[in-house]
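The values are calculated or read from the model by the stated rules, or taken from the named source; none is laboratory data. If you're wondering where the values come from, they're calculated on a predicted model, not measured in any experiment. Virtual Cβ from ideal backbone geometry, glycine too; neighbours counted across all protein chains shown.
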Amino acid sequence: MEISGSNRNGKEMQNFSEYKQTIIEKELKPYKLVIFNHSAEMVRDVKDTSLGELIKLLNISAKKTGIEIFNVDFVGLYLSKKNGKTFIHSFPFDDKGDVILPDQKDRLEKQYQAPIEIHPDNTILMPRGMGTVDFTSSRSWIDTVSQLELEGFITIPSVYTWNICTSKYLTDIMCRKNGLRTPKTVALSYSEDTARAVDELGTGFPMILKTSTGSQTGVGVTVVESERSLHASVQMLKLYKKYLPLLIQEYIKIDYDVRVVVLDGKVLGAMKREVIEGDIRSNASLGAKTEAIELTDLEIEDSIRAAAVVKGRLVGVDFLPSKNREKEQPYILEVNSMPGFGGIEKIQKGLTVDILNHFKDKKHLTKFMEDYEDDVIIREQWTL
């Protein structure tokens, strides 16, 4: 899929605060926001609190905006139809935000929370718990979200966006195909394929070894110093997960990377994340120091383009800055279809409220890009 008709003139960029003022003057209406979670189990052996913190932030922000918010969990979830209306059925949550799974002593139907009525005209679905393929995801969950999309519901992210973003390799291919700069990347399909892959990458050691299907809070990324250690690492990973998709990637030494939040073709916020001392990662959830950063026109442009490549309405674009930020494109690392807002919210207060208010404008309850011909730099013409 390629994007054509791109207009790279920074003059067409609108500052988001100016853009936000234009929609405040329009008729804004509250809506229902349903957040789909999956909190019943963890892949890692340490507790990840980032999802719970995000849900708490969304709930607090929703109250400030008058938006009706509901939390549901994919485990046990089902849809029903009655008198032309659609309902979601889910197990309830406790005060900590954890799902309350059923007790075998009681009848199952008694352990569900009250059915949630939803309608495409006044409901946005946020399936944040779709998880990672082969790790924390079930095909039935994806089918449920796909069914709702076919019935006209807006989902953020869409299954299309989620599918691309959960494959770092596919994201890399699509970014490069559309003129974006990425680190050199090669897929590893077999444990004895390391010599060939290293030769194809052509950057020498050290290099990055990572899973293609993403990770949880930065786990799943490491640096390898030799072909011997790469070969051993791949063998070990394939021993426990035979078909685990792996990548090797050019190692670019940096002091920080940048997370950009893009909402419907506009940059909403950005933060600089320092690399953790003694590590190669810069995830805020792992303790990396963060601060606000002013983006160059080129960085803004490429962040918006990266979001458009995956048809992302609300995404986090991560990139490595180039040495000459004004003239050289950044290295796009990944596009996160389910970005956390906790780190950037601490820098840019009210960002989550801005996101929720954005969808009070009726026109934003439409399919991606349909109503943005005058606002978005990228005049997308999607071709498969």
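Does VAL335 satisfy the criteria of being modelled with pLDDT of 95 or more and under 23 Å from ALA62 (Cα atoms)? The answer is no for VAL335.
Quick check, is GLY152 within 30 Å of LYS360 (Cβ to Cβ), surrounded by fewer than 20 Cβ atoms within 10 Å (Cβ to Cβ) and either not polar (S, T, N, Q) or not assigned by TED's automatic domain parsing to the domain that holds ASN71 (or both)? Yes, satisfied.
Kindly check whether there is at least one residue in the stretch 172-183 that is at pLDDT 95 or above, touching a strand residue (DSSP E or B) at 6+ places or on another chain (Cβ under 8 Å) and small (Gly, Ala, Ser).
To start, the set of residues in the stretch 172-183 that are at pLDDT 95 or above comprises 172-183.
Applying the additional criterion that residues be touching a strand residue (DSSP E or B) at 6+ places or on another chain (Cβ under 8 Å) yields 172, 175, 177-183.
Pick out the ones that are also small (Gly, Ala, Ser) and you get 179.
Checked against the condition, which is being at pLDDT 95 or above, touching a strand residue (DSSP E or B) at 6+ places or on another chain (Cβ under 8 Å) and small (Gly, Ala, Ser), the stretch 172-183 yields at least one hit.
Only one of the numbered conditions (1) part of a loop (DSSP other than H, G, I, E, B); (2) not assigned by TED's automatic domain parsing to the domain that holds LEU237 is violated by TRP141, and that is (1).
Does LYS64 qualify as being assigned to a helix (DSSP H, G or I) and at pLDDT 60 or above? Talk me through it step by step, then tell me what you get.
On the way: assigned to a helix (DSSP H, G or I): yes; at pLDDT 60 or above: yes.
Considered against the rule, which asks whether it is assigned to a helix (DSSP H, G or I) and at pLDDT 60 or above, LYS64 comes out as yes.
The one condition from (1) modelled with pLDDT under 95; (2) farther than 26 Å from LYS238 by Cβ; (3) out of contact with any strand residue (DSSP E or B) (no Cβ under 6 Å at 6 or more places or on another chain) that THR123 does not meet is (3). Take the conditions within 19 Å of PRO339 (Cβ to Cβ) and not in a helix (DSSP H, G or I) and apply them to THR213. Does it pass? Spelling it out, THR213 is indeed within 19 Å of PRO339 (Cβ to Cβ) and not in a helix (DSSP H, G or I).
Residues that are more than 21 Å from the chain's Cα centre (by Cα) and modelled with pLDDT of 95 or more within the stretch 275-306 comprise GLU294, THR296, ASP297, LEU298, listed in sequence order. Residues in the stretch 86-97 that are surrounded by fewer than 16 Cβ atoms within 10 Å (Cβ to Cβ) and under 16 Å from VAL34 (Cα atoms): PHE87, PRO92.
Residue-wise test of (1) acidic (Asp, Glu); (2) in the same structural domain as ALA308 (by TED's automatic domain parsing); (3) crowded, with 20+ Cβ neighbours inside 10 Å; (4) out of contact with any Ser or Thr (no Cβ under 9 Å at 6 or more places or on another chain).
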position	(1), (2), (3), (4)
CYS165	no, yes, yes, no
TYR169	no, yes, no, no
CYS175	no, yes, yes, no
ARG196	no, no, no, yes
LEU209	no, no, yes, no
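Of the residues making up the stretch 338-368, those that are under 17 Å from VAL310 (Cβ atoms) and at pLDDT 85 or above are MET338, PRO339. Residues in the stretch 169-197 that are more than 28 Å from ASN324 (Cα to Cα) and of a type in the set (A, V, I, L, M): ALA187, LEU188, ALA195, ALA197.
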